[in-house]
Amino acid sequence: MLRSSLILVVLALLALPFADLEVTTLSAWSELSEIVLGAVQPDFSVLWKFKSAFFNTVIFAFAGTSLAAFWGFFLALGFGWAPVRLLCAFIRSVHEIFWAFIFLNLVGLNPICGVLSIAIPYSGIFAKVYAEIAQESDRRPLVGIPPRTDGFSSFIYAVLPVVYTDAKLYTGYRFECALRSSTVLGFIGLPTIGYHLETAFREGIYNHAWALLYAFYLLIASLKYWARPKLIIPYIVISFTFLSQKISISWANMVRFLTVDIMPWPLRRVDPISGNQEINFSLTEILSWLMNTWHDAGAEGVWNTILLTQIVLATTGIFTLLTFPFACRNLSYRPIKPITRLLLIVYRTTPEYILAYVFILIYGPSMLPAILAITLHNGAILSFLTSNNADLIKLRPDAPKRYFDRYTYLVLPRVYGQFLAFLFYRWEIIMRESAILGILGIYTLGFYIDSAIAEDQPDKAILLILITATLNILIDSISQQVRKRLKISTQFIVASNQIFSTQ
């Protein structure tokens, strides 16, 4: 494990000289002071004006999560089949914003665009997690099932009762993630909180922006009060009833996009008189188009995405190791722990896209804001999980009194394997986030995908999205192999034989 950790750090150090870390703003401190002033003087009077955006944010999250859980359940039943696993790996490897870019061409700025952009990648995530929960569940109830019982009945009576609690808890967590995703989709024009956040930040109205952010934090923090299990079904019915009144789809646009627009342009031949299009298959021209796309956008986008990913992977690990002791009962003074945990919750709750947007306002468009944003978001998640597991350790009466000695000799050796598993588990997520932040002006794959869409080149955008997905699947495969080789997992087993899953 030590060697793997050192390799991560060395790779990050090797990547640093090639990374663009330049600060391009002339008055970073002035901008920062304005943002801080807005934070302490929020204008909550605007919240009523933007009430429909909050409603849309929740509606998109409910509809997207319910569809994803439904599809994910059936995909999980066939997850042992390689084509199903590959399909799930692909759809979850494409970020929600990239899915939104695709659906914008199909349905325009329509609520169905936001719902499907959440539902499709989340269904792949649900399928994977549900399948893992079932695989790791207690198999003893299956022994009591009569012979020749069909698979569906066996699942309903022997597996579902065992996995229900874990699946329910994870679905609730994924709904919280959907609220964040729904908010971020507003940054590309959908009518959620993010749309007004982007406008407020762009125009420098920071007191409005912070009022919206505080309201968003309150929305997340109050989930346990208004998103109770007995209310979920009515919420879902209301969500789809509302959406059914807003859906407007042009089938002609969908057919044209799926049959013509996404084809590589060398395949398309347009009659200048009639305007009719026909297929013109030329292998030479297609290969030339592929090479030009790779040379103009793909190569640099992949390189910068990998650079950013490897740097952030190391900084996230370092951030976690430095901060989780301050959130532990056994490693910090009593007043420090709640403050640290509050900060971790704020960083964890704030979407990395919004953090990056704020840092770009301060430092300008470079990899530096992306590194800070992704590190804070993912580091807060890992630090929170690691501190929770460290609190499960029961110290002996003769444990060292000094917190540093406890951290070094007692706690860190016992949680380090799981911490490393957490870090590798989030490798693909960090890769996906690194790609998407290109939309903000950083030269990762997202930058070139956004440029292709702005230039009305959907074929080029689709190719770059496929490259992004392939890269993400590759990272996920490497991560799984590393975790298997190191024999580490995201489960923590204590003396009482309790297992705390953190999927």
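The table below lists the values:
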item: Interchain or long-range residues, amide H under 5 Å from M263's placed H; result: none
item: Kyte-Doolittle at least -1.0, axis length at least 30 Å by Cα - qualifying DSSP helices, the chain; result: 51-77, 111-135, 160-185, 299-323, 367-391, 458-486
item: Exposed-loop-free span, longest in the chain, where trypsin sites (Lys or Arg not before Pro) count as exposed if DSSP calls them loop and at most 11 other C-beta atoms lie within 10 Å; result: 149-393
item: Mean separation of Cα contacts under 8 Å, 6 or more apart, over the residue count of the stretch 1-160: relative contact order %; result: 24
item: Chymotrypsin sites (Phe, Trp or Tyr not before Pro) within the stretch 57-131: DSSP coil, no more than 16 neighbouring Cβ in 10 Å; result: W81
item: Per DSSP, loop GluC sites (Glu not before Pro) in the stretch 69-155 with at most 16 further Cβ within 10 Å; result: E136
item: Förster radius 35 Å - calculated FRET efficiency between R140 and V255 (Cβ-Cβ, nearest 0.05); result: 0.10
item: Neighbour net charge for N389 - beta-carbon separation under 13 angstrom, K R +1, D E -1; result: +2
item: Filtered chymotrypsin sites (Phe, Trp or Tyr not before Pro), the stretch 298-335: DSSP coil and at most 16 other beta carbons within 10 Å; result: Y333
item: Electrostatic dipole magnitude of the stretch 48-262 [Cβ: Lys, Arg +1; Asp, Glu -1; Cα centre; debye, to 20]; result: 320
item: Percentage relative contact order, the chain, counting C-alpha pairs under 8 Å, at least six apart; result: 20
item: Zero-based 10 Å bins, Cα pair distances in the chain, whole percents; result: 4, 17, 27, 27, 17, 6, 1, 0, 0
item: Given charges at Cβ of Lys, Arg, Asp, Glu: the chain dipole, positive-most of S383, T57, S451; result: S383
item: Estimated translational D of the stretch 48-262 in µm²/s (Stokes, Kirkwood radius over Cα pairs; 10 °C; 1.306 mPa s); result: 84
item: For the stretch 48-103 versus the stretch 349-419, the gap between their alpha-carbon centres in whole angstrom; result: 28
item: Under 25 Å from K128, Cα to Cα: lysines that are on another chain or at least 8 residues apart; result: K168, K484, K487
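Read the figures in this text as sums done on the coordinates, not as results from a lab. All of these numbers come straight from a predicted model, not from anything done at the bench. Here the Cβ is made from the backbone with ideal geometry for all residues, glycine too, and neighbour counts use every protein chain on show.
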